[in-house]
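Presented below is the structure to which this report refers.
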Amino acid sequence: MLKPNPSSGVPIYKQLMRQIKHAIETGLIRAGEQLPGMRKLAEELVINPNTIAKVYRELEHEGVIELRQGAGAFVAERNEAVARPQILRALPLIRNLIAKLAALNLSEEEMRRLFEAEMANLRENGLPKATSKR
């Protein structure tokens, strides 16, 4: 699930926060579900345990997870990152698009740049309010 990229230029803790939120939004992790322990996750990802502690503290501050003394970290029952039907319906579209772009031999970075450029273009030309939420 979590795969930070040390060479991306984005701090590891921000990458992990984004990946956990994405997993919740897409239903991979559900409300009430327990997240891996900090030490165990740090060992699996070969990163400093303090980084995981920072991620969990930040996510708790945002209301995404709950830290329970002695029990661990759990996805909050009510938070903004809960899987939304729109996101779940969009996943097959995105997967299909990524497959088609990969067939054109585009790299992940090229795909990301194309997507970000098109999003910037839409914002400049008036992205509809209903879709600019996140």
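Each reported figure results from applying straightforward, stated rules to the coordinates on display, with no laboratory input. Note that the structure is a prediction, hence the values are computed from the model and not measured. Here the Cβ is made from the backbone with ideal geometry for all residues, glycine too, and neighbour counts use every protein chain on show.
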Check: For the chain, what is the mean residue ellipticity at 222 nm derived from helices alone (per DSSP H run of n ≥ 4: -39500 (n - 2.57); sum divided by total residues; nearest 500 deg cm²/dmol)?
Finding: -17000 deg cm²/dmol
Note to self: Sequence gap of 8 or more, or different chains, plus Cα separation below 30 Å: how many lysine pairs satisfy both in the chain?
What the structure shows: 20
Notebook entry, point to check: What percent does the relative contact order of region 12-75 come to when contacts are Cα pairs within less than 8 Å and at least six residues apart?
Noted result: 38
Note to self: From the C-alpha coordinates alone, can you work out the Kirkwood hydrodynamic radius of region 1-61, in Å?
What the structure shows: 11.9
Notebook entry, point to check: Applying 1/(1 + (r/R0)^6) with R0 = 25 Å to the Cβ-Cβ distance of A90 and K40, what FRET efficiency is obtained, to the nearest 0.05?
Noted result: 0.20
Notebook entry, point to check: Along the charge dipole of region 85-131, Cβ charges K/R +1 and D/E -1, which of L91, L114, L101 sits furthest on the positive end?
Noted result: L91
Note to self: Rg and Dmax in Å for the chain, alpha carbons only: what are they?
What the structure shows: 16.7, 51
Next item on the list: Find the relative contact order for the chain and round it to a whole percent, using C-alpha pairs within less than 8 Å whose residues are 6+ positions apart.
Entry: 22
